[in-house]
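These notes are about the structure you will find just below.
The values are calculated or read from the model by the stated rules, or taken from the named source; none is laboratory data. Keep in mind that what you see is a predicted model, and the values were worked out from it rather than measured. Positions of Cβ are generated from backbone atoms using ideal geometry, with glycine treated the same way; all protein chains shown enter the neighbour counts. These accessible areas exclude ligands, DNA and RNA; they are computed on the full protein's heavy atoms, side chains included. Shrake-Rupley method; radii C 1.70, N 1.55, O 1.52, S 1.80 Å.
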Amino acid sequence: AQSVTQLGSHVSVSEGALVLLRCNYSSSVPPYLFWYVQYPNQGLQLLLKYTSAATLVKGINGFEAEFKKSETSFHLTKPSAHMSDAAEYFCAVSRSGYSTLTFGKGTMLLVSP
Amino acid sequence: DARVTQTPRDKVTEMGQEVTMRCQPILGHNTVFWYRQTMMQGLELLAYFRNRAPLDDSGMPKDRFSAEMPDATLATLKIQPSEPRDSAVYFCASGLGTGEGTGELFFGEGSRLTVL
């Protein structure tokens, strides 16, 4: 069985500050890991994915995430938050190569001026 | 630009009415998922198909919900009769479930259902 835990349902940062959204996973097989972003009134969009290549993964809009097997973590970071980053972020895990994603409960990122 | 298409985008109906939501997955994708999103429960998996065959619908209330894939280009989610607690945004997503893909899912923009 696979699962993900996202710590914090809401994270607030100031514009220009570091963004850190936490995700820990549980998987009995080598996982594929994903971060999705959902803007208001839209579907989920893929931000980045880890598929057993480089452990540091770069995504769109300046986001990146690092796969740490020893910590079973896949935290999402961005050096400098922008107002347009305000959205809900979902971490997800799947069995390698199969599209049966298990999603976390999401973290709402709030960015203040 | 390949994308998942969902209709309707918004639906307001009265309790007891039948509701049908439709999804056109990305051409070539062989897995299709239906998710429901609410403020209280977040993102819930309702059902999914691989190669048009239903693999798991354990997340779906069986007495009123049904999901089908009449062909590879159309997935449907039907609620009959609808109830106010069914009010939510319903997402369809498609992907490659072959074991050789990257496993990512592509989501539609959702169907917002309001049952009065």
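Taking Cα centroids, how far is the stretch B:29-75 from the stretch A:10-55 in Å? The stretch B:29-75 and the stretch A:10-55 have Cα centres separated by 23 Å.
Please list B:45, A:18, B:105 from largest to smallest accessible area, probe radius 1.4 Å, with all protein chains kept in place. Display every interim value, and only then the final one.
Values: B:45 60, A:18 110, B:105 5 Å².
Solvent-accessible surface, decreasing: A:18, B:45, B:105.
For the pair B and A, the buried accessible area comes to roughly 1600 Å² in total, with a 1.4 Å probe and the value rounded to the nearest 100. Which residues in the stretch B:61-84 place their backbone N less than 19 Å from a point set 7 Å from the Cα of residue B:51 along the Cα-to-Cβ direction? In the stretch B:61-84, the label zone of residue B:51 (backbone N under 19 Å from the point 7 Å along Cα→Cβ) covers B:68-75. For chain B, modelled as a GNM whose springs connect Cα atoms under 10 angstrom apart, the maximal fluctuation among B:87, B:66, B:58 occurs at B:58.
From largest accessible area down, sort B:62, B:78; use a 1.4 Å probe on the protein chains. Display every interim value, and only then the final one.
On the way: B:62 120, B:78 75 Å².
In descending accessible area the options line up as B:62, B:78.
Each of B:22, B:3 has its accessible area taken with a 1.4 Å probe; listed largest first, they run B:3, B:22. Taking every alpha-carbon pair under 8 Å whose residues sit at least 6 apart, chain B reaches a relative contact order of 37 percent. Residue A:26 exposes around 60 Å² of accessible area when a 1.4 Å probe is run over every protein chain in place.
Computed with every protein chain present, the accessible area of residue B:116 is close to 120 Å² [probe 1.4 Å]. Considering only B:88, B:75, B:67, the Gaussian network model of chain B with Cα springs below 10 Å gives its largest mean-square fluctuation to B:88. Fraction of C-alpha pairs exceeding 21 angstrom in the protein assembly as shown: 56 percent, rounded to a whole number.
So what are chain B's ellipsoid semi-axes, whole angstrom, largest first, if each one is the square root of 5 times an eigenvalue of the alpha-carbon gyration tensor?
Semi-axes, largest first: 24, 14, 13 Å.
Above 25 Å lies some portion of the pair distances; for chain A, what is it as a whole percent of all C-alpha pairs? For chain A, the fraction of Cα-Cα distances above 25 Å is 16 percent.
Report the FRET efficiency, 1/(1 + (r/R0)^6), for residue A:20 and residue B:3, where r is their Cβ-Cβ distance and R0 is 30 Å, rounded to 0.05. Please report the intermediate quantities before stating the final value.
Working: r = 31 Å, r/R0 = 1.03.
Calculated transfer efficiency: 0.45.
Accessible surface of the protein assembly as shown, 1.4 Å probe: 51 percent of it comes from carbon and sulfur atoms.
Pairs of lysine residues in chain A that meet both criteria, 8 or more places apart or on different chains and Cα atoms under 16 Å apart, total 6. For the protein assembly as shown, a simple Cβ point-charge model (Lys and Arg +1, Asp and Glu -1, everything else neutral) yields a dipole of about 260 debye relative to the Cα centre.
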